[in-house]
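The values are calculated or read from the model by the stated rules, or taken from the named source; none is laboratory data. Nothing here was measured: the structure is a model prediction, and the numbers come from that model. Here the Cβ is made from the backbone with ideal geometry for all residues, glycine too, and neighbour counts use every protein chain on show. Areas reflect the complete protein model, heavy atoms only, side chains present, ligands, DNA and RNA absent. Shrake-Rupley method; radii C 1.70, N 1.55, O 1.52, S 1.80 Å.
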Amino acid sequence: MNMSPRLRDTVAVLVIALVAGALIFAPPLDRLRGLSIDILTMLRWRLFGSMHSPEQSPTVVVALDEETYRTPPFAGTPAITWTTEIGQVLTAILAGGAKVVGFDIVFPTSIEQSEIPFGDGTLGGRLRGFDRDFLRALALGARDGKVVLGEAQHRDFPIMPSPAQRIAVGQTANIRSLNVYNDPDDVVRRIPLSVTVDGNSQPSMAVELASRALGASANTIFGSRIPSQIPNTMTLNFDGGADPVPTYSLADLHACIEKGDSEFFHRNFAGKVVLIATVLDVEDRQVTSKRFATAPENPTGPRCALPQPPPSTVFARDSTPGVYTHATAVNNLIRGDALVELGPIGRGAIAFAFAAIVAAATLTLPLFAAVPAYLAA
């Protein structure tokens with residue numbers, strides 16, 4: 001039986017579209033689904049710019065950054081000895097009206113625990129009480145439900161805050177996991193909503209901070225619609241560019257306390273979720289779905305006491321400090337704007353429609369018209 005050219009073309013279009021729609025389910029294309037999120041994040045930023053201004057961010061970051069490491073009294077000393085200063089800044093932030101403060105940095109040891117010989121005893125023995133002010137600040141904040149310490153599950157050995165810090169915040173009630181979800185290509189596009197620690201399920205750090213900021217239980221957040229193609233995860237909706245989350249240097253905030261400017265903390269931290277973390281050029285960086293939409297990192301948060309540092313000469317990289325993953329997750333949960341991924345039926349329908357349009361244009365239009373039709377599709 002001979003088919004007319006029109007019928008033959010129609011059958012060809014349907015066959016091509018069906019094959020394309022079926023191929024979208026092939027396992028080798030799983031990586032392309034993640035890549036598509038990265039490309040669309042970049043395209044949205046290039047075409048439309050940032051979705052939100054930094055001032056609109058529900059979350060802010062206090063950074064143990066390169067400036068802090070260069071500025072007295074921090075210069076020349078390890079971060080483990082900064083606990084007094086961090087405690088002072090924490091107290092000022094909470095007094096300024098922050099809703100909750102999360103630590104995206106873990107101090108698993110204390111200088112008070114040092115067994116290095118020093119004179120007739122140990123260094124830790126000589127420095128007993130060194131962390132007292134820090135522990136007091138943690139305890140007062142945790143008592144009001146406004147401080148959450150972080151821990152990280154590393155293989156079989158969790159990295160946890162020092163024993164004294166855990167006691168200060170009331171143990172597991174105010175300690176949450178900082179782990180993120182890595183896709184098969186090792187790119188971070190999602191966070192877990194809950195994690196299992198010692199056989200018990202608990203909210204992740206981002207969920208815990210968002211629930212406290214919203215005054216809702218974590219179960220309420222779990223019960224809301226957080227669409228994801230991978231169970232117990234949320235797909236992150238990154239903004240493009242640099243510093244969509246206001247970032248304050250620990251050095252400047254410490255100088256602000258010495259200056260006596262308590263109003264600065266009220267103006268910039270009232271009603272905010274605060275994350276304290278390292279923001280460095282080489283440490284704790286992640287490749288995320290924002291990897292094609294980055295820019296040179298020059299924190300532009302308001303300054304209080306120290307002069308603005310010179311612009312960074314480091315070019316844009318595909319990695320970002322890990323704290324911005326958690327900050328983005330908290331913002332997504334508070335704003336309710338996490339990414340929505342299409343399910344298998346939606347992906348198949350789009351592949352079918354796209355292939356049908358391209359095949360029909362190729363078979364029915366001359367070349368000079370088919371190419372524009374393909375590009376438009």
- Message: Keeping every protein chain present and rolling a 1.4 Å probe, give me the accessible area per residue for segment 116-274 in Å².
- Response: 47
- Per the C-alpha gyration tensor (a ≥ b ≥ c, the square roots of its eigenvalues), segment 207-306 is rounded if a/c is under 1.5, else prolate if a/b beats b/c, else oblate; here it's oblate
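Kindly work out what percent of the DSSP beta bridges joining two residues of segment 134-206 are antiparallel, to the nearest 5.
70
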- May I ask you to list the lysines whose Cα is less than 17 Å away from that of LYS146, ignoring any residue fewer than eight positions away on the same chain? LYS99, LYS272
- Query: Restricting attention to segment 76-155, which trypsin sites (Lys or Arg not before Pro) occupy a DSSP loop and are surrounded by at most 14 other Cβ atoms within 10 Å?
  - Reply: ARG128, ARG155
- Message: How high is the relative contact order of segment 37-173? Use alpha-carbon pairs under 8 Å, at least six apart in sequence, and give a whole percent.
- Response: 22
- Out of residues 5 or more away from ILE105 or on other chains, whose amide H comes under 5 Å of its own, with H placed 1.01 Å from N in the peptide plane? GLY150
- Shape call, segment 106-216: gyration tensor on alpha carbons, a/c limit 1.5: oblate
- Query: Just the accessible area for HIS52, please: 1.4 Å probe, Å², rounded to the nearest 10?
  - Reply: 50
